[in-house]
1. When the chain is modelled as a GNM with alpha-carbon springs shorter than 10 Å, which of 275, 123, 300 fluctuates the most?
2. Take the chain, connect every pair of alpha-carbon atoms lying under 10 Å apart with a spring to form a Gaussian network, then pick out the residue of 284, 156, 379 with the largest mean-square fluctuation.
3. Over the range 191-306, how many percent of alpha carbon pairs lie in each 10 Å bin up to the one with the longest distance?
4. Quick one: length gained pulling residue 237 to residue 173 fully straight, 0.36 nm per residue minus the C-alpha distance?
5. Counting other beta carbons within 10 Å of each Cβ, put 340, 155 in order, fewest first.
6. Work out how far the C-alpha atoms of the range 284-381 reach from end to end along every principal axis, then list the three figures in whole Å, largest first.
7. Build a GNM of the chain with springs between Cα atoms under 10 Å: which of 20, 185, 147 gets the top mean-square fluctuation?
8. Measuring from label point to label point, each 7 Å out along Cα→Cβ, what is the residue 81 to residue 148 span in nm?
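The numbers here are math on the coordinates, done by the rules we state, and not lab data. Everything numeric here is computed off the predicted structure, so don't read it as measured data. Cβ placement follows ideal geometry from the backbone for every residue including glycine, while neighbour counts extend to all protein chains displayed.
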Amino acid sequence: MRKVMMPKLGETMEEGEIIKWLKKEGDSVKEGEPLLEIATDKANMEVEAVASGFLRKILASEGEVIPVTHTIAFIADSMDEEILEEKGKASRKEGEKKEEEEISPQVTEKAVTKPVKASPLAKKLAKEHSVDLSSIEGTGPAGRIVKEDILRALEQGEAQAGEAVIKEEISLCRSEKVQMQHMAKSKKEVPHVYLKIEVDFSEAMKMRDDLLGEFEKEKIHLSYTDLLIKSCARALDKLPRMNSTFEEGRLMVHSDVGVGLAVAREGGLIVPVIKKANKKDLFQIARDRIELIDKAKGDKLSLEELEGAAFTLSNLGMVGIKEFAAIINIPQVSILAVGEIKKRAVVQEEKVVIRPMMEMTLSCDHRVIDGYLGARFLQEIKKGLEKPSLLLLP
């Protein structure tokens, strides 16, 4: 008899939700064969069978949230094999709280509603147009609401709908719910400081144009995002404190430079990581970016591809956003928000010239990153983009 346990698939994973069992009780299974699908706080993953045999017993239903290392099923050599232990009460349904709370009975005083006086025609009109009669001031005898009062309210747009019309209720997946909690926690607990800088993209655009042909030969598209990733990695390498995470009062500087790239997809935002970006050339970075984005949109990222970054890059320039400020992806200590490249008039060497300009906003955790360090970091990124030959150096 072999236990199937909720696996710990990443360093931050504490529990997983059972999304779908791919086998049912009594089915034969082979070692390494996909057995079920689970949702972690970052992605959906398939869990493989730990042994060959029969799926003797399923202990966790679809929709249950199970802590890591807890037993969720048994695989046996035969269906007659006796099960020696059952699952404890460790699971919970998605949406339930982790700990039960004692609920005290509440006594609610019944509200006393004053009857509304209205003519039968006024009541009929109010019902047809979902008008709350209590919101209307009557002008009839003794304050009675009459037809004219309803018509006047409708014309003036002051009528209140008795009930909101819901077009559609959208069920959020586990990763979206976790992301919502994560962002709210960051905004609530982390004192964000925002620093903005402008970058002249003229030289970066020229270099990209020069390199495009060579990249296209290898069927790799070099984007401005690749130049940004490389420039950020270079700056992180030069200023190691920026390449850190802050958790439980400890600042941990990372030895490897991983750059997280925010990617929009149907199931919500996800942040795959370009590993060791400071040691990769533009070709390797472009290839990794393309592969990771394809996997992200196909929901095929592994947890390993979602971990290892102490910094995130969010680029909304391709959708016409001039500038924005992003929320820090805790426990990281900074995130860079990048806007569109747009030609405009600037003063250079006492002359007004037209240049392709980009605005970047750095959000920093002000508990551990002061304004001066953040400014130096932005200057390093700017330097790499305005003198892009630096990005070609090893």
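1. 123
2. 156
3. Percent of pairs per bin, in order: 12, 36, 37, 13, 2.
4. Length difference between fully extended and current span is 19.4 nm.
5. If I rank by nearby Cβ atoms, fewest first, I get 155, 340.
6. 52, 34, 24
7. 147
8. If labels sit at residue 81 and residue 148, their model points lie 8.7 nm apart.
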